[in-house]
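S.K.: Let me begin by handing over the structure; questions about it come next.
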Amino acid sequence: MKSYRPTTKSRRFMTTLPYRELLSGDAPHKPLLKKKGSQGGRNAFGRITTRHQGGGHKRRLRAVDFVYNKKDVPAKIETVEYDPFRSAFIGLALYRDGERRYVVLPKEVGVGSSFIVSQDAPLTPGNRLPLGKIPVGTFVYNIELSPGAGAVIVRSAGSAAEVVAHDAGYAQLKLPSSEIRRVSDLSWASIGTIGNEEHNLVVIGKAGRSRWMGRRPTVRGSAMNPVDHPHGGGEGKQGRGLKRAKTKWGKPSGKGQKTRTPKKYSNVFIVSRRKVGKKRKG
C-alpha cells in the first residue's frame with residue numbers, strides 16, 4: 001500500500017495501490033475496448049433510479065471474458081492491467097490459436113503464466129474445469145450458477161469460494177458472504193483466489209477522489225427532515241429513534257437485519273444463510 005507525505009489534511013491518510021509494482025505497464029488492447037457512456041443513475045425517462053451516481057472520469061469498457069467457451073486451448077498471460085470498472089486486475093490472454101481475450105486474474109498468476117479451460121485441467125491457479133471435478137477444500141472464483149451461462153459470482157478483488165461438499169449432483173460452496181450454496185456439478189469455476197486483495201484497504205482520503213470515480217455525495221438519513229426519511233427530524237443531532245434501521249422508502253436495511261426476499265427463487269439452493277452483524281463477528 002502506498003502512502004503520501006501529509007502536504008494537506010486530506011493527503012495525510014490517503015492511500016493508493018502501488019500500480020507500478022502490480023501491473024505490467026502495458027497499454028490496453030484496442031480491439032477489446034468499447035465506449036461506455038454514463039447515465040448518471042437515470043433511466044430512459046431521465047429520472048434518477050440509482051442515487052449517488054454521476055460525473056467521474058471518462059472510462060472505456062474492457063471486454064472481459066466470463067464465458068470461457070474456448071476449451072482445450074492453452075492460453076498465456078501477456079499483460080496485467082487495471083480495469084476501471086472492477087476491483088480485480090485483468091490480464092490479456094493469448095490463446096494458442098492466436099485469439100486474445102481479457103480475463104480476471106488470480107493472485108498467483110502473472111505475465112508469462114499459462115492456463116487452460118478443460119474437463120481434465122490440472123488443479124493449478126487460473127485453470128478452469130467443472131465443479132464436479134474439483135475436490136473439497138479447493139478455493140474457486142468466476143463461478144457459474146447455470147452450466148454454460150458464464151461466471152456471475154465471486155468476481156471481485158481478493159474473493160474466493162471454498163468447495164465444502166459434493167452431494168446429489170451439486171457442489172456446496174462457502175461464498176465470501178459466509179453463505180453456503182448448492183451449485184450444479186456441471187457448472188464451471190476457476191481455481192484460485194482473485195488478486196489485488198489489498199483493494200479493501202485503500203483510503204479514499206477526500207471527497208474529490210470519490211467524485212473522480214463517479215460517486216456523488218450521500219446524505220445521512222438522520223440529517224434529513226421527517227418527510228424525507230424515516231430517520232429524519234429531531235432537535236440537534238439525534239439518533240434514528242427507531243429500533244431497526246430503514247431505507248428512505250421504509251424497508252429494512254443493514255445492521256444485521258435480513259433483507260433477502262422471503263420467496264426468492266434461489267432459496268432451494270441455500271444450505272446455510274449468510275451470517276450478519278454480531279453473529280458473524282463471533
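The values are calculated or read from the model by the stated rules, or taken from the named source; none is laboratory data. On a predicted model such as this, the values are computed, not experimentally measured, just so you know. We place every Cβ from the backbone using ideal geometry, glycine too, and count neighbours over all the protein chains shown.
S.K.: From the residues in the stretch 5-15 that are surrounded by 14 or more Cβ atoms within 10 Å (Cβ to Cβ) and among the hydroxyl-bearing types (Ser, Thr, Tyr), which one is modelled with the lowest pLDDT?
M.R.: My answer is 10.
Table: residues versus (1) closer than 29 Å to residue 18 by Cα; (2) of a type outside the set (Asp, Glu).
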{"site": "94", "(1), (2)": "yes, yes"}
{"site": "99", "(1), (2)": "no, no"}
{"site": "113", "(1), (2)": "yes, yes"}
{"site": "122", "(1), (2)": "no, yes"}
{"site": "132", "(1), (2)": "no, yes"}
{"site": "142", "(1), (2)": "yes, yes"}
{"site": "145", "(1), (2)": "no, yes"}
{"site": "149", "(1), (2)": "no, yes"}
{"site": "152", "(1), (2)": "yes, yes"}
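S.K.: I would also like to ask the following. Would the stretch 179-186 turn up any residue that is of a type in the set (Lys, Arg) and touching a helix residue (DSSP H, G or I) at 6+ places or on another chain (Cβ under 7 Å)?
M.R.: Yes: one or more hits.
S.K.: Go through (1) crowded, with 18+ Cβ neighbours inside 10 Å; (2) modelled with pLDDT under 95; (3) of a type outside the set (Gly, Ala, Ser) for residue 108 and report which single condition fails.
M.R.: It fails just one condition, (1).
S.K.: Considering only residues that are over 27 Å from residue 106 (Cα atoms), among the hydrophobic types (A, V, I, L, M, F, W, C) and surrounded by 10 or more Cβ atoms within 10 Å (Cβ to Cβ), which ones fall in the stretch 16-57?
M.R.: The one that is over 27 Å from residue 106 (Cα atoms), among the hydrophobic types (A, V, I, L, M, F, W, C) and surrounded by 10 or more Cβ atoms within 10 Å (Cβ to Cβ): 48.
S.K.: Before we move on, is residue 71 exposed (fewer than 13 other Cβ atoms within 10 Å of the Cβ) and in a loop (DSSP other than H, G, I, E, B)?
M.R.: no
S.K.: Is at least one residue of the stretch 80-96 under 26 Å from residue 24 (Cα atoms), among the charged types (D, E, K, R) and not in a loop (DSSP other than H, G, I, E, B)?
M.R.: yes
S.K.: Anything in the stretch 131-170 that is of a type in the set (D, E, K, R) and under 21 Å from residue 274 (Cα atoms)? List them, or say none.
M.R.: Residues satisfying the conditions are 144, 155, 162, 167.
S.K.: Just name the residue that is nearest to residue 213 (Cα to Cα) out of those in the stretch 14-55 that are outside any loop (DSSP other than H, G, I, E, B) and out of contact with any strand residue (DSSP E or B) (no Cβ under 6 Å at 6 or more places or on another chain).
M.R.: Filtering the stretch 14-55 for residues that are outside any loop (DSSP other than H, G, I, E, B) and out of contact with any strand residue (DSSP E or B) (no Cβ under 6 Å at 6 or more places or on another chain), the one nearest to residue 213 (Cα to Cα) comes out as 53.
S.K.: Output the residues belonging to the stretch 220-275 that are hydrophobic (A, V, I, L, M, F, W, C) and either under 29 Å from residue 181 (Cα atoms) or in the same structural domain as residue 168 (by TED's automatic domain parsing) (or both).
M.R.: Filtering the stretch 220-275 for residues hydrophobic (A, V, I, L, M, F, W, C) gives 223-224, 227, 242, 245, 249, 268-271.
245, 268, 269, 270, 271 - these are the residues of the stretch 220-275 that are hydrophobic (A, V, I, L, M, F, W, C) and either under 29 Å from residue 181 (Cα atoms) or in the same structural domain as residue 168 (by TED's automatic domain parsing) (or both).
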